[in-house]
Structure formats: C-alpha cells, structure tokens
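Just below is one structure, and these are the notes that go with it.
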Amino acid sequence: MKFAKAHGLGNDFILVAEAEAPAERSAWAVRLCDRHRGIGGDGVVLHAPAPDGVSFRLVNADGLPGEISGNGLRCLAALAVRNGWAQPRHVVTTVVGPKAVEVAPLGGGRYRILTDLGPPALGSRDVPVALEPPAALVVDHPLEAAGRRVLVTVTSMGNPHCAVFLDEVADDALLRALGPALEHHAFFPKRTNVEFVTVLGPGEIRVRFWERGVGYTMASGTGSASAAVASIVTGRASRTLRAVCDGGTLEIEWPEGGSVRQTAEAEVLYEGDWLASW
C-alpha cells in the first residue's frame, strides 16, 4: 500500500488512495495512526479522483469516520497539485459538500492554500446539540463538565464544535481534563470538537484544541474556523482575524451572510510503502 504523509500546522495525516484501503477501515486506521507501531498521524485521509478535483474521506485516529478536517483537506489539496491530480484551483469533495481550494506552491513540499469552507451552521438541530426547545443560536450555554460549570458556544463547519472562552490561554491540565469531558458530554449526541479560545484583540484569537476522536492537536482547520465564528457571533472579534494555534497561524474571514474562507499552509513530507500487516 502506497501512502503519503503531510501536515497542516502540525495536525498530521496519512493520505491513501481509497482503492488501496481495506473494506474494514477502523482497525486499519488505528494501526496506521499509531505513533510507535504505525506511521503516526491524527487521522487517515482517503482520496480518489473526482470530476473537478479529488474526493476526501476521513477516518480519525480512533478508527471512527469524521465528516471533514480543514487541515486534512489542505494536505490533500497540496498532494493533489504536487502529483498532478488536480489544477491549483480545484474542488475537494467531502461528505458535507464540495470545498473549493486555491493552492500556491512555496517551495519544497510547502503550499499556501485558500479554502472556502462554506457557511457555518449555528442552529441547535444543525450542530447538533440536545436542546429543547431548539434555538437558532447556542451562545454561552452553561454545562457541567469535569466538576465545573462552563459556558459553551456551539457551531458546525460540517462537524460539531464547541468553543469555551477563557481570559488566559488554556494550560495542558485544563485541556486534558475539560476536553474529553466536553467531547463526550450528553449535550452533544455526535460528540464534539472542543476549542479553548482566548481573544487577544478584535483581529486575533489564541486557540488550543481537543479534537473528537483524536485528543490534543497542534492545530485544527475547522476548529479555528469555528472558534472564529463563535468569537464573531458573540461580539468578541471582527469578521477578519488571525487564529493563532500551537502549530501556527491561520487567516480567517467570514463576511456577513457569506462563506468562511481560511488561508494557511500545508506541507507534504514524504511518500512511502506500507509493508506490515495490520
């Protein structure tokens, strides 16, 4: 089995042609993502040719499917352009719809990529969350998690997210206590990704992540977009901003009534052959 390894700001993925993947993918993906006995990664991206570019399917490091990953999508877009499968402007087809990308080479394996992630979903039934009666927005909603009361603002970029706003940047202890407690909270029937957000100013947010099915990650594309949307709808930030993650910075804009557009780098690291059984 041939594979490629790439990362977006330290959020790393193994990319495999869908035709080479086994029918039963859960245990296979867990083995590939193992950082000691596999290739190592936050998830496996399956790809195939598509009329306007490439198709994208995600299996998270826990072996369960995910709807979309902004960083994983950029990694695939970079690989597709590098290998001549797609033009610099193409469409990545995901289970939550087509995402247009513009890929610019920076040298070596590095690429700068603009992604149109589409409009966010904000309604309680769309995210979804267990809230009755349903609400058009779920902003600073109180939850009990890990023995504390927290306020969450929920959004979806095709996958569920909740933002927790903090005055200081979240430390590792808070991340590892509150992250899994919120990911598995009954309020989120499909589980959730968690963003710990500190607003540094109208045009900049600092974000740390606990990703559904993965745990701590250095960056998150849809997580950064969702953190930006949550910051905007709560009046904490402007519609054009920078999201500073542990692994680097993403530029995000969300014009009123429009799509969320995100620009950041991805790097294709290497390609290889998987030899072991799984």
* Asked: Any residue in the range 185-208 that is small (Gly, Ala, Ser), outside any strand (DSSP E or B), open to solvent by 40 Å² or more (accessible area, probe 1.4 Å) and without any contact (Cβ under 8 Å) to a residue 12 or more places away in the chain?
  -> no
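Residues are listed down the side, and each one gets a yes or a no for (1) at pLDDT below 95; (2) of a type in the set (Phe, Trp, Tyr); (3) open to solvent by 30 Å² or more (accessible area, probe 1.4 Å):
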{"residue": "Asp167", "(1), (2), (3)": "no, no, yes"}
{"residue": "Gly179", "(1), (2), (3)": "no, no, no"}
{"residue": "Glu267", "(1), (2), (3)": "no, no, yes"}
{"residue": "Trp274", "(1), (2), (3)": "no, yes, yes"}
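I'd like to check something: does the range 236-243 contain any residue that is crowded, with 16+ Cβ neighbours inside 10 Å and closer than 24 Å to Gly66 by Cβ? Lay out the reasoning, then the answer.
At the first step, the residues of the range 236-243 found to be crowded, with 16+ Cβ neighbours inside 10 Å are 236-237, 239, 241-243.
Cutting the leftovers down to closer than 24 Å to Gly66 by Cβ gives us 243.
Yes, the range 236-243 has at least one match.
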* Structure fact -> Checked the range 180-193 for anything of a type outside the set (Ser, Thr, Tyr) and either out of contact with any Asp or Glu (no Cβ under 6 Å at 6 or more places or on another chain) or under 15 Å from Ala130 (Cβ atoms) (or both); matches are Pro180, Ala181, Leu182, Glu183, His184, His185, Ala186, Phe187, Phe188, Pro189, Lys190, Arg191
* Select from the range 245-262 the residues that are under 18 Å from Val207 (Cα atoms), open to solvent by 30 Å² or more (accessible area, probe 1.4 Å) and either of a type in the set (Ser, Thr, Tyr) or not in a loop (DSSP other than H, G, I, E, B) (or both) and list them in ascending order. => Thr249, Glu251, Glu253, Arg261
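Restricting to the range 93-125, what's the tally of residues that are farther than 15 Å from Ala225 by Cβ and either of a type in the set (Gly, Ala, Ser) or under 20 Å from the mean Cα position of the chain (by Cα) (or both)? Steps first, please.
Of all residues in the range 93-125, those farther than 15 Å from Ala225 by Cβ come to 93, 95, 98, 102-112, 123-125.
With the extra rule that they be either of a type in the set (Gly, Ala, Ser) or under 20 Å from the mean Cα position of the chain (by Cα) (or both), the set shrinks to 93, 95, 98, 102-104, 107-112, 123-124.
So the count comes out to 14.
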* So which of Ala219, Ala237, Ala227 ends up being closer than 19 Å to Thr115 by Cα, part of a loop (DSSP other than H, G, I, E, B) and in contact (Cβ under 8 Å) with a residue 24 or more places away in the chain? -> Ala219
* Determine the pairs where a residue that is at positive phi and in contact (Cβ under 8 Å) with a residue 40 or more places away in the chain, located within the range 106-135, has a partner that is basic (Lys, Arg) and not in a loop (DSSP other than H, G, I, E, B) with Cβ atoms under 8 Å apart, the partner being 6 or more residues away or on another chain. => Gly118/Lys99
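From the list Val244, Val169, Val199, Val214, which one is farther than 22 Å from Arg149 by Cβ, among the hydrophobic types (A, V, I, L, M, F, W, C) and touching a Lys or Arg at 6+ places or on another chain (Cβ under 6 Å)? Steps first, please.
Details: Val169 fails: farther than 22 Å from Arg149 by Cβ; Val199 fails: farther than 22 Å from Arg149 by Cβ; Val214 fails: touching a Lys or Arg at 6+ places or on another chain (Cβ under 6 Å).
The match here is Val244.
The values are calculated or read from the model by the stated rules, or taken from the named source; none is laboratory data. Keep in mind that what you see is a predicted model, and the values were worked out from it rather than measured. Cβ sites come from the backbone with ideal geometry, for glycine too, and all protein chains shown count toward neighbours. Areas reflect the complete protein model, heavy atoms only, side chains present, ligands, DNA and RNA absent. Shrake-Rupley method; radii C 1.70, N 1.55, O 1.52, S 1.80 Å.
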